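Here the structure is laid out as structure tokens; the discussion comes afterwards.
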Amino acid sequence: MKKINLFEANGFNDLGLSKYLVHDSPYFKILNFNFRAGQQLPIHSHDIEGQLSILVVEGEGEFLAQDTTLPAKPGDLLICDISVPHGIKATTDMRTLVTIAPPI
């Protein structure tokens, strides 16, 4: 069992997104990405099987996709295959929690 306070473990970086590896195991990986307003994780994909989720913990912005954007506010959760192009853009300071799950 492990307990982590994301607000204490990872702050913000004025020069770019702040990344923190919360957990890494053969079953799933959890990452915390913090963005200052205007920062983004550009649209990208990975040519591997599995799925990911992006949970907005704090702040607001947009989930980025190939041909569209979706609003992203606290409590919103995006789920997609890892191979589907995805990204995030913050309109306010924003904390997100990303879970990456390989196929079982």
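The values are calculated or read from the model by the stated rules, or taken from the named source; none is laboratory data. This structure is a prediction, so every number in the text was calculated from the model and none was measured. With ideal geometry, Cβ positions are generated from the backbone for all residues, glycine too; neighbour counts draw on all protein chains shown. When the accessible area is computed, the model is the full protein with side chains, heavy atoms only, and any ligands, DNA or RNA have been set aside. Shrake-Rupley method; radii C 1.70, N 1.55, O 1.52, S 1.80 Å.
The table below lists the values:
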| item | result |
| --- | --- |
| Entry for Rg and Dmax of the Cα atoms in Å (calculated from the structure that is shown) out of (1) 13.2, 40; (2) 29.6, 102; (3) 12.6, 35 | (1) |
| For Ile82, distant residues with modelled amide H under 5 Å away | Gly50, Gln51, Leu52 |
| Rounded percent of accessible protein surface that carbon and sulfur make up, segment 39-80, 1.4 Å probe | 53 |
| Highest-first arrangement of 3-13, 61-71, 29-39, where packing means the average Cβ count within 10 Å | 29-39, 61-71, 3-13 |
| Length-normalised contact order for segment 1-68 - Cα pairs under 8 Å, 6+ apart - percent | 23 |
| Linear extension gain, Cys80 paired with Ser53, 0.36 nm per residue minus alpha-carbon span | 9.1 nm |
